[in-house]
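Trainee: Take a look at the following structure, please.
The values are calculated or read from the model by the stated rules, or taken from the named source; none is laboratory data. Model, not experiment: these values are computed from the prediction. All Cβ positions, glycine included, derive from the backbone under ideal geometry; neighbour counts span all protein chains shown. These area figures cover heavy atoms from the full protein model, side chains too; ligands, DNA and RNA do not enter into them. Shrake-Rupley method; radii C 1.70, N 1.55, O 1.52, S 1.80 Å.
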Amino acid sequence: LSVKKAKPLVEQLGEDLLSPGLPFCAGCLMELLVRFTLRTLGKNIVLFGAPGCCVVGERCQVPYYGCLMTNIPSSMTGVKRYFDRMQKDVTCVAIVGDGSTADVGFQPLSAAAERGEKILYICYDNEAYMNTGIQRSSTTPLASWTTTTQVGAKGRGKQNAPKNVPLLMAFHEITYVATATLAYLEDYAQKIKKAQAATHNGMAYLHVLCPCPTGWRSPAESAIELCRAAVETNYLRYNGPDHVVL
């Protein structure tokens, strides 16, 4: 049954656009996220990234634009408007972390959403600044341990609830918003396709849960099971509806 369900998905995938042997931590889902996303979107894209866990510019077979953490949507805006001026239908897609999305880069993201820029923005949410030492971000869950929210005699982890970025993006009334996990690739593929199509009319935003075994102190082989548990428990509504997340 699983093979039959996956067959239509596999038949739609394009060629692998990411080289093997990527330097991610053991058990990290980043490789699966980027590889599967590129195979679903196809080669007619420009990929944008920023400092963080997902730095794959020299390892992908599509044009890559390396940004700062604070200018990703504005850089995408300029490139996309150039292609529109040249009458070329190219998808500008960013795959960046929760720090660039919810914290230091939220102002330009909000501005691009308000303007209705025709870009696809994908946030991989591992719920902390994992690449620089597991510091809290605004998507870090309540009571969670990080190196800046210690748990012990004087600390009880993060003291406030995480920022609901998908909901904030839905409030901007952009053309498409969805949440996803990599435990359900058929669902994620459908949402990527819908998001790519939606960029013809405005901005699309995908928020993807991406467990970090290193930062979460979980077994290296547990990432997919953690994603599945997030859906089954309705954690942050990662099985929520697409178009608008409420």
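Trainee: Send over a whole-number figure in Å² for the accessible area per residue of region 63-221, probe 1.4 Å. Don't skip to the answer; put the middle values down first.
Mentor: Working: 6930 Å² over 159 residues.
I get 44 Å² per residue for region 63-221.
Trainee: I would also like to ask the following. Mind giving me the nanometre distance, one decimal, between the label points for Val104 and Val90, set 7 Å out from Cα along Cα→Cβ?
Mentor: 2.7
Trainee: On a 0 to 90° scale, report how tilted helix 106-115 is relative to the longest principal axis of the chain, with both axes built from alpha carbons and the result rounded to the nearest 10.
Mentor: The two axes meet at around 30 degrees.
Trainee: Ignoring ligands, DNA and RNA, how do Glu31, Glu173, Glu232 rank by accessible area with a 1.4 Å probe, largest first? All intermediate terms of the calculation are to be shown ahead of the outcome.
Mentor: On the way: Glu31 60, Glu173 160, Glu232 135 Å².
Ranked from most to least accessible, the order is Glu173, Glu232, Glu31.
Trainee: Also, quick follow-up: Run down the lysines and flag those whose C-alpha is under 29 Å from the C-alpha of Lys88, throwing out any fewer than 8 positions away in its chain.
Mentor: Reachable lysines: Lys43, Lys80, Lys118, Lys191, Lys193, Lys194.
Trainee: Computed FRET efficiency, Cβ-Cβ of Asn234 and Phe171, R0 25 Å: what is it to the nearest 0.05? Walk me through the numbers on the way to the answer.
Mentor: Numbers: r = 21 Å, r/R0 = 0.82.
Calculated value: 0.75.
Trainee: Could you check how much of the accessible area of region 61-153 is carbon and sulfur, as a whole percent, using a 1.4 Å probe? Could the numbers behind the result be given before it?
Mentor: Numbers: 2180 of 4070 Å².
Roughly 54 percent of what the probe reaches on region 61-153 is carbon or sulfur.
Trainee: Also, I was wondering about something else. For region 129-246, state the semi-axes of the equivalent ellipsoid (square roots of 5 times the eigenvalues of the alpha-carbon gyration tensor), sorted largest first and rounded to whole angstrom.
Mentor: On the way: eigenvalues 161, 57, 28 Å².
Semi-axes, largest first: 28, 17, 12 Å.
Trainee: Looking at region 72-169, send over the antiparallel percent of its DSSP beta bridges, to the nearest 5. Please report the intermediate quantities before stating the final value.
Mentor: On the way: 3 of 8 bridges.
Counting DSSP beta bridges with both partners in region 72-169, the antiparallel share is about 40 percent.
Trainee: Starting from the alpha-carbon convex hull of the chain, give the projected area averaged over all orientations, in nm². Working shown, then result.
Mentor: Numbers: hull surface 52.7 nm².
About 13.2 nm², averaged over all directions.
Trainee: Tell me, what is the percent relative contact order of region 48-149, built from C-alpha pairs under 8 Å that lie six or more residues apart? Could the numbers behind the result be given before it?
Mentor: Details: 159 pairs, mean separation 26.6, N = 102.
Computed over region 48-149, the figure is 26 percent.
Trainee: Continuing with this model, one more query. Based on the Cβ-Cβ distance of Val79 and Ala143, what FRET efficiency does E = 1/(1 + (r/R0)^6) give at R0 = 45 Å, to the nearest 0.05?
Mentor: Numbers: r = 40 Å, r/R0 = 0.90.
The formula returns an efficiency of 0.65 here.
Trainee: Note down the relative contact order for region 93-200 as a percent, whole number, built from C-alpha pairs under 8 angstrom at least six residues apart.
Mentor: Details: 147 pairs, mean separation 23.3, N = 108.
Value for region 93-200: 22 percent.
Trainee: Further, regarding this structure: Express the relative contact order of the chain as a whole percentage, based on alpha carbon pairs under 8 Å and six or more residues apart in sequence. Write out the running numbers ahead of the final one.
Mentor: Working: 490 pairs, mean separation 46.2, N = 246.
That works out to 19 percent.
Trainee: Pull up the cross-link candidates among the aspartates and glutamates for Lys7, meaning alpha carbon to alpha carbon under 15 Å and not fewer than 8 places away within one chain.
Mentor: Glu186, Asp187
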